[in-house]
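Participant: Quick one: the structure is below, questions incoming.
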Amino acid sequence: MIGDQRFTASAALSLKQYAWQFQRTSCPVEAEQLLLTSPPPLGIILMEPAYTRPSLELERLVSLVPYTLWVALLSTDSLQEYQMRAFVARHCHACLLLPLDPGKANHVLESTLTISEVLSAHFGDCNSPAAPGHRAQMIGRSHAIQKLLKDIEKIALVDAPVLITGESGTGKELTARLIHENSPRHGGPFNAVNCGALPSGLIQSELFGHEKGAFTGAGKCKVGIIESTSGGTLFLDEIGDLPLELQVNLLRFLEDHRIQRLGSLREIAVDVRILTATHVDLEHAIQSGDFREDLYHRINVLQARMPPLRERPEDIEALASHYFQKFRAESPCRVRGFSHDSLVTMRQHHWPGNVRELVNRIRRAMVMCEERLITPDDLGLERRKDLVRTRPSLEDIRNCAEREAIAAALARNRNHALHAAQDLGISRATLYRLIDKHCVPRPLDSRA
């Protein structure tokens, strides 16, 4: 309970008969320590008279514990002030007017405590930091993700090259990490290299290493990424961007697992499993001469495909909740979740940037949101009204069924109207009327 000590003591005393226990403070520093040490499920802010106008310090305090629900105690006169109403609307689950009615206050506090417990059970405890060293995790229960996880289990046990395909932002590196963590090499290093991000003149040195004096500026011997990953897994992202001259070197390594540092004549045996990923069509790159066909067959021994987010809309809510929790743990804020409209809009969105776009939109929305729940506007998304407009009505469904039944009856009876009408159990006049209504071609005996 935060507020003037005299008033908080009076409020606590009036609720003593209902067995409520409160920690009271009027000091912001002490309040911060109490909130961070043991975040309460329910908090009370007595805003009379010390907090007649809510301060930025008070705003910061209530934002420290995102799953604490706050109840404001204030007078009717205080509630007439704009700043007070704005604070209560943004941060408080309920408010009680002074003088306090103990019975009414007890009902409000019990209800608020129940809601707090529901939120905590649904979203998890975001007041505790994530455990260090956690393993990679694939979020989702869709059929596409379950199939991918089963494929990963099989692929991980076989020490062979793997090509991971999928659009940009789908999480190909996450798949590579899961393969590594479930493989016999999980105790070894896992290194990821984006082939498109390395400077073209340094790729060979970065991957294979170099000897001292191999080129201008090579003042000492350097161990390459491939060699430093010995005993583990090397993930080469955007393999399609690898220059042709280095594709030859990589092909040779995949054939005999031996490398040669730049400027050296000695070959070094390296025990590394190679995983590669691409968002481009490598077969098309082969036809255009940008990728070697023999290397393609070397890296494509096993294959895993990351489905785009639009193919797994049922996973969007779980993904959104996961990243919401993650960012709340990193930087507590007053936002408590997503509105129903935002969840519906996220499922309707096409997501050209896939999971990466989803993460960026959620992180931005958590900073910009001024309410308790994130809205579609906070996410920068517009609800697709075309889905509602194109949904078929009952009349549309009935007309479609009638048209198909008439066409099928005419086909079964070799386009003979009388026989088709008898087949449908209607008169020939009714059949002609339906034929004209649904623009079905008239049968051969229509003039008879």
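The values are calculated or read from the model by the stated rules, or taken from the named source; none is laboratory data. Quick caveat, the model's predicted, so the values are computed rather than measured. So basically every Cβ, Gly included, is an ideal-geometry build from the backbone, and we count neighbours across all protein chains shown. These area figures cover heavy atoms from the full protein model, side chains too; ligands, DNA and RNA do not enter into them. Shrake-Rupley method; radii C 1.70, N 1.55, O 1.52, S 1.80 Å.
Participant: So R414 clears everything in (1) modelled with pLDDT under 85; (2) in a helix (DSSP H, G or I); (3) basic (K, R) except one condition, right? Which one?
Facilitator: (2)
Participant: I'd like the residue in the range 200-246 that is among the acidic types (D, E) and not in a loop (DSSP other than H, G, I, E, B) and, out of all such residues, is most open to solvent (accessible area, probe 1.4 Å).
Facilitator: Keep residues of the range 200-246 that are among the acidic types (D, E), which gives 206, 211, 227, 237-238, 241, 245.
After this cut, where a residue has to be not in a loop (DSSP other than H, G, I, E, B) as well, the list is 206, 227, 237, 241, 245.
Working: E206: 49, E227: 39, D237: 29, D241: 86, E245: 125 Å².
Of everything passing the filter in the range 200-246, E245 is most open to solvent (accessible area, probe 1.4 Å).
Participant: Quick check on this structure: which one of H279, H284, H297 is open to solvent by 90 Å² or more (accessible area, probe 1.4 Å), of a type outside the set (G, A, S) and either touching a helix residue (DSSP H, G or I) at 6+ places or on another chain (Cβ under 8 Å) or within 16 Å of D237 (Cβ to Cβ) (or both)? Break it down into steps so the answer makes sense when it comes.
Facilitator: Details: H284 fails: either touching a helix residue (DSSP H, G or I) at 6+ places or on another chain (Cβ under 8 Å) or within 16 Å of D237 (Cβ to Cβ) (or both); H297 fails: either touching a helix residue (DSSP H, G or I) at 6+ places or on another chain (Cβ under 8 Å) or within 16 Å of D237 (Cβ to Cβ) (or both).
Answer to the check: H279.
Participant: Kindly indicate which of A86, A94, A105 is farther than 20 Å from F324 by Cα and open to solvent by less than 10 Å² (accessible area, probe 1.4 Å). Can you show your working first?
Facilitator: Details: A86 fails: open to solvent by less than 10 Å² (accessible area, probe 1.4 Å); A94 fails: open to solvent by less than 10 Å² (accessible area, probe 1.4 Å).
Unique residue meeting the criteria: A105.
Participant: Does I268 satisfy the criteria of being over 27 Å from G171 (Cα atoms), at pLDDT 90 or above and either surrounded by fewer than 16 Cβ atoms within 10 Å (Cβ to Cβ) or among the aliphatic types (A, V, I, L, M) (or both)? Break it down stepwise before answering.
Facilitator: Working: over 27 Å from G171 (Cα atoms): yes; at pLDDT 90 or above: yes; either surrounded by fewer than 16 Cβ atoms within 10 Å (Cβ to Cβ) or among the aliphatic types (A, V, I, L, M) (or both): yes.
Against the criterion (over 27 Å from G171 (Cα atoms), at pLDDT 90 or above and either surrounded by fewer than 16 Cβ atoms within 10 Å (Cβ to Cβ) or among the aliphatic types (A, V, I, L, M) (or both)), I268 qualifies.
Participant: Taking the condition out of contact with any Cys (no Cβ under 8 Å at 6 or more places or on another chain) and of a type in the set (A, V, I, L, M, F, W, C), does I152 pass?
Facilitator: Details: out of contact with any Cys (no Cβ under 8 Å at 6 or more places or on another chain): yes; of a type in the set (A, V, I, L, M, F, W, C): yes.
Spelling it out, I152 is indeed out of contact with any Cys (no Cβ under 8 Å at 6 or more places or on another chain) and of a type in the set (A, V, I, L, M, F, W, C).
Participant: Of the residues L64, L56, L36, only one is open to solvent by 10 Å² or more (accessible area, probe 1.4 Å), within 33 Å of the chain's Cα centre (by Cα), over 22 Å from E370 (Cα atoms) and at pLDDT below 80; which? Talk me through it step by step, then tell me what you get.
Facilitator: On the way: L64 fails: over 22 Å from E370 (Cα atoms); L56 fails: over 22 Å from E370 (Cα atoms).
The unique qualifying residue is L36.
Participant: Now a separate question. Could you list, in sequence order, the residues of the range 228-247 that are of a type in the set (A, V, I, L, M) and at pLDDT below 90? Lay out the reasoning, then the answer.
Facilitator: Of all residues in the range 228-247, those of a type in the set (A, V, I, L, M) come to 234, 236, 239, 242, 244, 246.
Scanning the range 228-247 gives L242, L244, L246.
Participant: Picking from V367, V355, V388, which residue would you name as being modelled with pLDDT of 85 or more, β-branched (V, I, T) and open to solvent by 50 Å² or more (accessible area, probe 1.4 Å)?
Facilitator: Values: V355 fails: open to solvent by 50 Å² or more (accessible area, probe 1.4 Å); V388 fails: modelled with pLDDT of 85 or more.
Exactly one residue qualifies, and that residue is V367.
Participant: Considering only residues that are in a loop (DSSP other than H, G, I, E, B) and either acidic (D, E) or open to solvent by 80 Å² or more (accessible area, probe 1.4 Å) (or both), which ones fall in the range 300-310?
Facilitator: At the first step, the residues of the range 300-310 found to be in a loop (DSSP other than H, G, I, E, B) are 300-301, 306-308.
Within the range 300-310, just V301 meets the criteria.
Participant: Still on this structure, I have one more. State which residue is modelled with the lowest pLDDT when the search covers only the range 108-141 and only residues that are out of contact with any Leu (no Cβ under 9 Å at 6 or more places or on another chain), assigned to a helix (DSSP H, G or I) and surrounded by fewer than 16 Cβ atoms within 10 Å (Cβ to Cβ).
Facilitator: First, pick out the residues of the range 108-141 that are out of contact with any Leu (no Cβ under 9 Å at 6 or more places or on another chain): 110-111, 114, 117-118, 120-126, 128-134, 141.
From the residues that got through so far, the ones that are assigned to a helix (DSSP H, G or I) too are 110-111, 114, 117-118, 120-123.
Among the residues that remain, those that are also surrounded by fewer than 16 Cβ atoms within 10 Å (Cβ to Cβ) are: 110-111, 114, 117-118, 121-122.
Details: E110: 90, S111: 89, T114: 86, E117: 79, V118: 78, A121: 68, H122: 60.
Checked the range 108-141; the qualifying residue modelled with the lowest pLDDT is H122.
Participant: What's the number of the condition I362 fails, among (1) farther than 30 Å from R85 by Cβ; (2) at pLDDT 80 or above; (3) in a helix (DSSP H, G or I); (4) open to solvent by less than 90 Å² (accessible area, probe 1.4 Å)?
Facilitator: Only one criterion in (1) farther than 30 Å from R85 by Cβ; (2) at pLDDT 80 or above; (3) in a helix (DSSP H, G or I); (4) open to solvent by less than 90 Å² (accessible area, probe 1.4 Å) is unmet by I362, namely (1).
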